[in-house]
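Provided herewith is a single structure, encoded as structure tokens, for subsequent inquiry.
The numbers here are math on the coordinates, done by the rules we state, and not lab data. Quick caveat, the model's predicted, so the values are computed rather than measured. For neighbour counting, all protein chains shown are included, and Cβ atoms are generated from backbone atoms with ideal geometry for every residue, glycine included.
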Amino acid sequence: MTPQTYNTQGIELAKQGSLVQAITCFQQALVAFPGYVDAHNNLGIVLKQQGRLEEAIQCYQRAIALDPNYANGHYNLGIALQSQGENSQAIACLRRALELQPGEEDFQFRLGLAFWHLGCLTEAMTCYQRVLQFNPNHAEAHHNLGLVLCVLGEVEQAIEHFQTALRLKPATAIFRNSLSLTMNYAANYDGATIFTEHQKFNDQLALPLAEKIRPHLFPHPRPLSQGERGENLYSTNRKLRIGYVSGDFRRHSVAYFITPILAQHHHEQFEIFCYDNNTVADEINKRLQSYANHWINCSSLSDEELTDRIRHDQIDILVDLSGPTSKNRLLVFARRPAPIQMTYLGYPTTTGLTAIDYRITDKYVDVTGLNDSWNAEVPIQLPTCFFCYQPYADSPPVNNLPMLQTGRITFSSFNNLAKLSPEILRLWAKILNAVPDSTLLIKTRHVSEPAVQQHLEDRFAKFGILPSQLLLEDRTPPPAYLQTYHQVDIALDTYPFNGGLTTCEALWMGIPVVTLVGNRHVSRMGLSILTTLGLTELIAETPEEYLRICLKLVNEVEYLQTLRRELRNRMQSSPLMDAVSFTNNLEKVYLKVIKNKAGLEAYAAMPLS
């Protein structure tokens, strides 16, 4: 056969999934014609599909060496480098591919993806907008443009693009998840509307998997010890197996709150399995591994494979720590690999999944009777705040009140830009304009990017705030970034999506946090934290009260000084940081639902005694 015939045959075999035979064909084409550029490129594509990334990169590089103007070679090399996390190099390759073929929408889309992963928001946004100029029906470009807009705080525009993406491809899980999550940031959606959106994910993507659910043997059989008789096989005395599933076992707010729980679990009663759905092995990931009995990195497992693994592990209670955030495995939960399934911590409302039985919460964020109909799961209210906070061991010390040295008040928000809704910006503007010479320090990701900084300044300008009234700093690595709180007198919580970890960190640094309460879980997290600490004077029920509290604090220098001096001790002696009691209460939940397994529907939402 000719080299061209081998190449054509290899392409057909690759389409059929016969990768080994396809590789042989491309190799035979190259034996006959070593300078065959397309065969080098095609061999690289199939090797990449096999996970042989380095070999694939070498193939693309050979193709480019043979023909420096080979656009597909530059494009595929860029994709391979992206897979290695080498986004800067990928950008150079993809830009070269676009120089050679300027109108290629896939090249432009991949370039946007590389900029996104590198944290260059405005460049990513420009790329996606160009894709949509080429092809207004490119669903993935609409979705990714929505992600950028959400991060920039343009939540309504983001929602429009997610909705467009879903009209083009209705049954796409990631599109549905992004829309559900982003609606939580918007003040103009009520809980019922948001719940309905989550139900669509359940109806379209989760319920069709119900046919894959297999019955569970419950309690799970306990392995027989040597000399034991078979009648003891179903003894309920064995340790309960708890499985936690998360894509955030890394430097992430979820990891900070789950760390003290994993550290305090009673291993004589509970056997802890962690299903880690990320590829990052930072120092937090490694520390968490030391607390689990079993650590399973499941990022490369398909939903079916992970379902089988969890069933094989005979998990009694499987706990989702993600909700519809990135790297979630909700479609594994839809297959019900465990007899009891819960969701906790990683998402501030229902998952919408009828396959998840319970949602762990508290009486402050989910008041009985207030929003019961907005849950697919049965809420279980912990007796205290549903957060368990553990600060950095090497946190900087609390300093003196900065206004005593500067002579002016510095407010702050360290929350992400998506939480800066028009409603809260308008309220913050009123505060800044009512307090002479005051400034607002915003420390968060991306604001060091000039275009992002300008965008944020323009948003504040709509409410009469000058750039000189804003101090914009990019987020720096913890715990050193807590040092920035040494410049802050009063922290301002966001609305409708309150802070969680950021609120705890500000309080840990002695800073009062003023919060505005709504009727959704996301709008009541500040209420839960502050009530637990006995700081109800910082909780506002209306925007007008929020303003009054801030203006009152400005004139209460002695209160601010005392709070700054005593708040850290108050936190340490509160339920918010009592990891032992918190974990005991959580374990009581696990034991209680096991005992009630025979009648899930009979278990009403109620505080634990």
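What list of ³J(HN,Hα) couplings, whole Hz, do you get for segment 185-193 from phi and the Karplus terms 6.51, -1.76, 1.60, once you set θ to phi - 60° and write x for glycine and proline?
Values, residue by residue: 7, 8, 7, 8, 10, 8, x, 5, 5 Hz.
While we're looking at this one, here's another question. Would you pull out the residues with amide H under 5 Å of Gly518's amide H, same chain only if 5 or more places away, H placed 1.01 Å from N?
Close amide H contacts, sequence-distant or interchain: Ser523, Arg524.
Test of understanding: what is the full-extension gain from Val20 to Leu370, defined as 0.36 nm times their sequence separation minus their Cα-Cα distance?
Stretched out fully, the Val20 to Leu370 stretch lengthens by 120.1 nm.
On to the next question. Can you give the calculated 222 nm mean residue ellipticity of the chain, where each DSSP H run of n ≥ 4 adds -39,500 (n - 2.57) and the sum is split over every residue, rounded to the nearest 500 deg cm²/dmol?
Helix contribution divided over all residues of the chain: -14000 deg cm²/dmol.
Using Cα centres only, tell me the gap between segment 90-168 and segment 1-53 in whole Å.
31 Å
Just want the ordering: Ile442, Ile356, from fewest to most Cβ atoms lying within 10 Å of their own Cβ.
Ordered by Cβ neighbours within 10 Å, fewest first: Ile442, Ile356.
Less than 27 Å apart at the alpha-carbon level, and either on another chain or at least 8 residues along: which lysines does that give for Lys597?
The qualifying lysines are Lys212, Lys239, Lys363, Lys588.
List every residue whose amide H lies under 5 Å from the amide H of Asn297, counting only residues 5 or more places away in sequence or on a different chain, with H placed 1.01 Å from N in the peptide plane.
Result for Asn297 returns Asp276.
If amide H atoms are built 1.01 Å from N in the plane of the peptide, which residues on other chains or at least 5 residues away come under 5 Å of the amide H of Ile511?
none
For Asp366, what is the net charge nearby, where nearby means another residue's Cβ is under 12 Å from its Cβ and Lys, Arg count +1, Asp, Glu -1?
My count for the surroundings of Asp366 gives +1.
Taking a quarter of the surface of the convex hull around the Cα atoms of segment 1-130, what do you get in nm²?
7.6 nm²
Tell me, what HN-Hα J-couplings in whole Hz come from the Karplus equation 6.51 cos²θ - 1.76 cosθ + 1.60 at θ = phi - 60° for each residue of segment 357-372, using x for Gly and Pro?
7, 10, 10, 7, 8, 9, 6, 8, 7, 10, 6, 4, x, 7, 9, 4
Less than 13 Å Cβ to Cβ from Thr562, Lys/Arg counted +1 and Asp/Glu -1: what total charge do the surrounding residues give?
Combined, the nearby Lys, Arg, Asp and Glu give 0.
In addition: Just to check I understand the Karplus step: with θ = phi - 60° and J = 6.51 cos²θ - 1.76 cosθ + 1.60, what whole-Hz values come out for segment 121-135, glycine and proline as x?
These are the phi-based 3J(HN,Hα) values: 5, 5, 5, 4, 4, 4, 4, 5, 5, 5, 4, 6, 5, 5, 9 Hz.
Can you grab the distance from the C-alpha centre of segment 328-349 to the C-alpha centre of segment 455-499, Å, no decimals?
Each part's Cα centre sits 34 Å from the other's.
Glu156 to Asn433: FRET efficiency via 1/(1 + (r/R0)^6), r the Cβ-Cβ distance, R0 25 Å, to the nearest 0.05?
The formula returns an efficiency of 0.50 here.
Working only with C-alpha atoms, what are the Rg and Dmax values of segment 237-382, expressed in angstrom?
Here Rg and the maximum Cα pair distance are 14.6, 42 Å.
Okay, moving on. Just the C-alpha atoms of the chain: what Rg/Rh do they give, with Rh taken as the Kirkwood radius?
On the Cα set of the chain, Rg over Rh gives 1.01.
Any idea how far the Cα center of segment 247-324 sits from the one of segment 185-213, in Å?
Distance between centres, Cα-based: 25 Å.
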